[in-house]
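Participant: Right, I'll just put the structure down here and ask away after.
Bear in mind that the values in this text are calculations on the coordinates, not laboratory data. Note that the coordinates shown come from a computational prediction; the quantities given were computed from them, not determined experimentally. Virtual Cβ from ideal backbone geometry, glycine too; neighbours counted across all protein chains shown.
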Amino acid sequence: MGRRPDIAEVKRQLSGTRLLTLTGVGGVGKTRLAARAAAELRRSFRDGVWLVELADLTGPELVPHAVATALGLHDDTGRDRLEVLAEQLRARSLLLVLDNCEHLLDACAALAARLLRAAPGLRVLATSRQPLGVAGEQVWPVPPLVVPEPEAARRQDTALTLFAERAAAVAPDFTLTAENLPTVARLCKQLDGLPLAIELAAVRVRALTVGEIEERLHDRYGLLTGGSRAALPRHQTLRAAVDWSFELCAPREQLLWARLSVFAGSFDLAAAGAVCSGDGLLVEEVFDLVAGLMDKSILSREDHPAGARYRLLETLRQFGLEKLGEPARIVVQHKHCAHYLRLIERAEREWFGPRQLETFRWLESEHANVRAALEFCLSAPERAECGLRLAGALWCYWTGCGYLAEGGYWLGRALEQNLADRPARRKALWVNGYVANLQGRLAVARDCLTEVKALAEGDGDEVVLAYAVHRLGCLSLLGDDLDNAVELFGSAIDRYNRLGLVNGHVLMSYVELAVALSFRGEFDRAARLCHTAYGLSSAAGERWASAYATFCLGLVDFCRGDLAAARAGAQASLRVKRDFHDLLGIVLAVELLAWTAAAEGRPERAAVLLGAAEAQWGAVGYPLFGSRHFLQPHAGCVAETRAALGEAAYIAAHERGRDLTTEAAIDLALDLRPPARSRPVRAGAPDALTKRERQVAELVAEGLSNKEIAERLVIAVRTAEGHVERILQKLGFSSRARIAAWVAQRRNRDSGSAER
């Protein structure tokens, strides 16, 4: 409100620097100013502006995860997350807003420096109480709102307008008048023009006059500063306003405020009741007290598909943690952790059933609290087993909803801290084997699964043994040992049946056995297994595993030559996988649709879908699992499409697919949007590259690796890598294939000119 000159200044500064950090005391309005300026700059960035909220993060390792999640970028390969982000952003033009960096300064600085170095089209707008300390950083202290002198107060002054707007929200009959303008101006001046402090004071007009508010705040300042108003820094102004608001709350409201500060991000009423009740607060009281804190602007409400959620502003959350104190904080955090462990273990059970999608949405909304609970558990040895249970129970979230990399991070940490053999460790071992297998970390997967299988065999733990055998079957499938995979999957299914287990893992064992059988040409048996899995899913109201069964049926239909059925199966699977953000399921369906399009005689669509799939495979893991059985139909599709389109047209169509976002690729695959229009690969000026870079580009177009280029030109491999990196940056390309297409177009153009 009323930040027009500040917004203009932020935009002006961003035009001259690639990293601008807005600094200032908490509550001065850094986040709102950054968000407003970024919104007005949307049209300046081809790939948009993106807000990454960091206040809820508990550890520096999670910063790249948070950025990737905010940008909708996925990478579950196990590679360094920062390097993956740099690779994925290299050719993009976007503004990244990093909000609340102060508690993660080193991690934010490292991220900003690496991404800015890799992505010429990237600019970063950060908010922090202190600078990041990165070379080239421009720092701009956010000023407080303008406050007029009381005798010159006018209605349009920004601090007064903010006070009037917030006061009218709680007392509709409040307006600025000639009589109260000077008093409001004195009050806003006493609050140093800090927006948060003004808002906290304004809500008190419901019970107090403006004069009474001013008088009480004056007393507060005297207490904090010994009467020296000139010595009052702005952070003490805010402290006074927050402390005063705290003391004006009823004792039970104060207690709830302090206890609510253990939540990260937002929370619902049920969580507030479970975590904050007891020892002086009844559950039913919590619900009424939440409403009271909302009335006082301590809590804000957010609408969510699953229902209303509530949030403490970060400044107020930190204040609450301070008031709670260390011993009480540990007690409440234990309750927070126990609450989420109970709900997550229930969510794991409900993953196989009609509430599956609702479970996914709830997990998405609680992601910040899940991270906070895991961090709390894994920060002390006596709580480590609870963290192990949490990480293991979240297998459905890690593997089914696009969070393989983060799952691997938490499972790895939990297993490192829990070396003794316990049921929770056994489960975490086979879950980590499952996650690592899907990521392509085969050595980690084999170690985990071999260890847990030996433990289970040692004491006859049949349930764990069934899961270990099943996941070892996946290792054999992806390692192209089909006979061993079929044997292991069959053994796992027999074990599941003897135990009477029916869940998502059991269904996936049917589907994965069907995939192995289809690669062996046993299509009838594979189809029967898919129908069995689909029937079990339908009976339970389950959708996630059934979508894999539908995909596998589509694969069988493709192998049989029934292209219409293959396309229908892949699209049906894709619709479900989109709901769950299951990137593995999405890319498998898009890949199958590319094969089908080529076989149907639609080579341009096939090439675009192949490009889209290739971009997603780079995020999921190694393309098509590195399996020759998956790669064989892929290679056939590529060869057929190249032959039909010609090299230049194929590369152009393929790169259009690579440029699609995940959502755009899904829309195209589901026929919800027209194919991307053909456009020439950016040619670049003849002198855009140096003579040596043009030479390297020619060798890239021949398909040579960096090592082969180095050998051909008698230069160091690192020098060749540097040449390729600069070529990509100068031409604004994201892949070596784009360089090859650029070279091909220049050759065609030069050839045509010579003929003329």
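Participant: Label Glu358 and Ala644 with points 7 Å out from Cα along Cα→Cβ: what is the distance between them in nm?
Facilitator: 4.5
Participant: Filter the chymotrypsin sites (Phe, Trp or Tyr not before Pro) in region 561-625 down to the DSSP loop ones having no more than 12 other Cβ atoms within 10 Å, then list what survives. Provide the component values of the computation, followed by the final result.
Facilitator: Working: sites: Phe580, Trp595, Trp617, Phe625; in loops: none.
Loop-located and lightly packed - none at all.
Participant: Further, regarding this structure: Among the trypsin sites (Lys or Arg not before Pro) in region 261-357, which ones are in a DSSP loop with at most 13 other Cβ atoms within 10 Å of the Cβ? Mind listing them?
Facilitator: Numbers: sites: Lys296, Arg301, Arg309, Arg311, Arg317, Lys323, Arg329, Lys335, Arg342, Arg346, Arg349, Arg355; in loops: Lys296, Arg355.
Passing sites in region 261-357 do not exist.
Participant: Once the Cβ-Cβ distance between Glu663 and Ala135 is put in as r, and R0 is 30 Å, what FRET efficiency do you end up with, to the nearest 0.05?
Facilitator: Numbers: r = 36 Å, r/R0 = 1.18.
Once the sixth-power term is evaluated, E becomes 0.25.
Participant: Could you tell me the calculated FRET efficiency between Asp47 and Arg117, based on Cβ-Cβ distance and R0 = 30 angstrom, to the nearest 0.05? It would help to have the intermediate numbers written out before the result.
Facilitator: Numbers: r = 18 Å, r/R0 = 0.60.
Between Asp47 and Arg117 the formula returns 0.95.
Participant: Could you tally up the Lys pairs in the chain with alpha carbons closer than 24 Å? Skip any pair fewer than 8 positions apart unless they're on separate chains.
Facilitator: 11
Participant: Let me ask another. Quick one: length gained pulling Ser15 to Asp480 fully straight, 0.36 nm per residue minus the C-alpha distance? Numbers along the way, then the final one.
Facilitator: On the way: separation 465, 0.36 × 465 = 167.40 nm, distance 5.32 nm.
Here the answer is 162.1 nm.
Participant: Just want to confirm a number: the relative contact order over the chain, from Cα pairs under 8 angstrom separated by 6+ residues, in percent.
Facilitator: On the way: 1157 pairs, mean separation 68.0, N = 756.
This gives 9 percent for the chain.
Participant: With a ≥ b ≥ c the root eigenvalues of the C-alpha gyration tensor of the chain, is it rounded (a/c under 1.5), prolate (a/b larger than b/c) or oblate? Mind showing how you got there, number by number?
Facilitator: Details: a/c = 2.30, a/b = 1.40, b/c = 1.65.
Oblate is the answer for the chain, as a/c is 1.5 or above yet b/c matches or exceeds a/b.
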